Each structure stands twice: as C-alpha cells, then as structure tokens.
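Trainee: One structure, as structure tokens, below. Some questions next.
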Amino acid sequence: MQAKWHDAAGRPPEWDVPDVLTVAAHAAEHDFHPAWPDGRSHHTHLRVHPQMVVENAVDPHHFRFVHGTELSPVILEEIVDGPSWWARVGFGRGWAKHPCDADGALRTDTMNTIELLWSGMGISANIEHTRDGIRIITINPTPVEDGRTELFATYWLSRTDGDLADGGYRRRLDEAKLALPDDIRIWDNQIFLEPPGLATQEAAGFRRMRHWTRQFYPTGRTGLREPEPSV
Ligand SMILES: [Fe+2]
C-alpha cells in the first residue's frame, strides 16, 4: 500500500517511525496476537487538541483519578532524543516505596511498568508489562482540519497459555480498550492554554513536554496560530 505523506511546508519525512513491537527489549521476546481485525479503534469528529494527547504522558495523577489505578505511577526514567520522547513509569507499592535500588541505580525489572514512547506528535506507544503478559497500545492523533482530530488506536497483546481456551484474549482486549474512551472524554473538553495553568507539583513535566513539542509546529509556537494582522 502506498503511504500518504503531507507536510505543510512540502518537506519529506524527517525520521523513521519505530517498530512498536520491538522497541522495548523485554516485549520483543514475545509473540503477539495480530491487531487486525479486533485490536483497533478509530475515533472521529473530535475537537481534541493533539497537544493534550501528548501531555497525557506526563500527567501521572490522571492514572489514578481517570483510570482508577490504586496509586499514581512513579516516573523512573525520561529520555528525549530529537523527535523521540520516551519514559518508563512504575505502578504499585513496590515502585512507590522503592523507586531505586539501595545504591541509587534504577531497577531494571519491568513488571508493573509502562514504557511510553512518542515519535513526533503523531505516533505513540504504551508498552505495559502486567501479570497477564505484555500489552502494547498505540495511539495516533491525526489532525484532519482546523479544530478537528481523529484518533487511531491499535492493541497488541502477547500470546499466553490459555488465551484461546478460556477466552482470555477477548477479556484482555476488552480491558485494554477501557482506558482510551475515558481519556477522550476529557481531552475533547479541554481548552488549550499557552502557557498552561499547572499545579506546582506537576508543572516541570508539562513544561518539558511543551518545550519538546515546539519543534513540530511550523510556527515554533506550541499550538498557536500566527496572530491575524491588525488593520
Ligand atoms: Fe490516560
């Protein structure tokens, strides 16, 4: 299939998209159920500003209050490299109490963690290691006209024993699909503010993310149109 590409300034693509199934070493060891046809969703007619989708990654407390996790996750690592932004967060009491080893080195186990990857502002992957296996969710916001966005999501679940025998795949897929509609309900009613109104505790992460995304706006000014010329 021919890939379609549009750049407002007519430039060619500047970087390759990641292979989300192999970008995390511990996930690459697994075999995955195909995402087609049931492991995908397409959400249209949204007024979601793409910036809101990206900033979701640096909003640890929304996991607790929107998605119902017991605790807010702990951000363990965050790496920015040109058009890529990556972070690893840990969930649960183990991470909350012991985010680091005694010697200060970051723990390397992956259980109860999510790796969050953004490649530009159009491609994201959440790579989650749960007791049920690995699940990878991609969320791709695509602006289609001024003030309108569509969201494409795919759900990749690692193959585990008993998936087909006891309906486990369907259960895991249904669970994986629960979170995004809750996010969309909020994103679709958020108003973009520059600068954002932030609580002190979470301001640094949002500011870092907004600084990183500035490179993707043609004007270099996050999400703002050029002002109308005065007459
Ligand atoms: Fe979320």
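Trainee: Give the residue, chosen from 172, 208, 148, that is surrounded by 16 or more Cβ atoms within 10 Å (Cβ to Cβ), at pLDDT 90 or above and more than 16 Å from the ligand (Cβ to nearest atom).
Mentor: Every option except 172 fails the conditions.
Trainee: Name every residue in segment 62-72 that is away from the ligand (no atom under 11 Å from the Cβ) and either part of a helix (DSSP H, G or I) or touching a Gly at 6+ places or on another chain (Cβ under 8 Å) (or both), in order of residue number.
Mentor: Within segment 62-72, 70, 71 qualify.
Trainee: Next question, about the same structure. Can you find a residue that is aliphatic (A, V, I, L, M), under 14 Å from residue 119 (Cα atoms) and within 18 Å of the chain's Cα centre (by Cα) anywhere in segment 26-47?
Mentor: No, segment 26-47 contains no residue that is aliphatic (A, V, I, L, M), under 14 Å from residue 119 (Cα atoms) and within 18 Å of the chain's Cα centre (by Cα).
Trainee: For residue 163, are the conditions met, namely being acidic (Asp, Glu), touching a helix residue (DSSP H, G or I) at 6+ places or on another chain (Cβ under 8 Å) and more than 16 Å from the ligand (Cβ to nearest atom)?
Mentor: Spelling it out, residue 163 is indeed acidic (Asp, Glu), touching a helix residue (DSSP H, G or I) at 6+ places or on another chain (Cβ under 8 Å) and more than 16 Å from the ligand (Cβ to nearest atom).
Trainee: Specify the residue that is farthest from the ligand (Cβ to nearest atom); the eligible residues are those in segment 193-202 that are surrounded by 10 or more Cβ atoms within 10 Å (Cβ to Cβ) and over 15 Å from residue 49 (Cβ atoms).
Mentor: For segment 193-202, the residue satisfying everything is 198.
Trainee: On to the next question. Which members of segment 73-98 meet the condition of being within 15 Å of the ligand (Cβ to nearest atom) and either at pLDDT below 85 or outside any strand (DSSP E or B) (or both)?
Mentor: Within segment 73-98, 73, 75, 91 meet the criteria.
Trainee: Hey, another quick one. Check segment 181-204 and report whether any residue there is modelled with pLDDT under 90, of a type in the set (A, V, I, L, M, F, W, C) and in a helix (DSSP H, G or I).
Mentor: yes
Trainee: Can you give me the number of residues within segment 143-161 that are under 24 Å from residue 24 (Cβ atoms) and either part of a strand (DSSP E or B) or not charged (D, E, K, R) (or both)?
Mentor: Selection size over segment 143-161: 9.
Trainee: While we're looking at this one, here's another question. If you take the residues of segment 178-192 that are of a type outside the set (A, V, I, L, M, F, W, C) and within 9 Å of the ligand (Cβ to nearest atom), which of them is farthest from residue 149 (Cα to Cα)?
Mentor: That would be 182.
Trainee: Quick one: is residue 218 modelled with pLDDT under 85, open to solvent by 80 Å² or more (accessible area, probe 1.4 Å) and in contact with a Lys or Arg (Cβ under 9 Å, 6 or more places away or on another chain)?
Mentor: No.
Trainee: Mind listing just one residue for me: the one in segment 36-60 that is open to solvent by less than 10 Å² (accessible area, probe 1.4 Å) and away from the ligand (no atom under 14 Å from the Cβ) and, of those, farthest from residue 74 (Cα to Cα)?
Mentor: It comes out as 39.
Trainee: Pick from segment 61-85 the residues that are of a type in the set (Gly, Ala, Ser) and touching a residue at least 12 places away in the same chain (Cβ under 8 Å): which of them is surrounded by the fewest Cβ atoms within 10 Å (Cβ to Cβ)?
Mentor: This residue is 82.
The values are calculated or read from the model by the stated rules, or taken from the named source; none is laboratory data. Since the model is a prediction, treat every value here as computed from it, not as a measurement. Here Cβ is always computed from backbone atoms with ideal geometry, including for glycine, and neighbour counts include all displayed protein chains. Note: accessible area is taken over every heavy atom of the protein model, side chains too, but ligands, DNA and RNA are not part of it. Shrake-Rupley method; radii C 1.70, N 1.55, O 1.52, S 1.80 Å.
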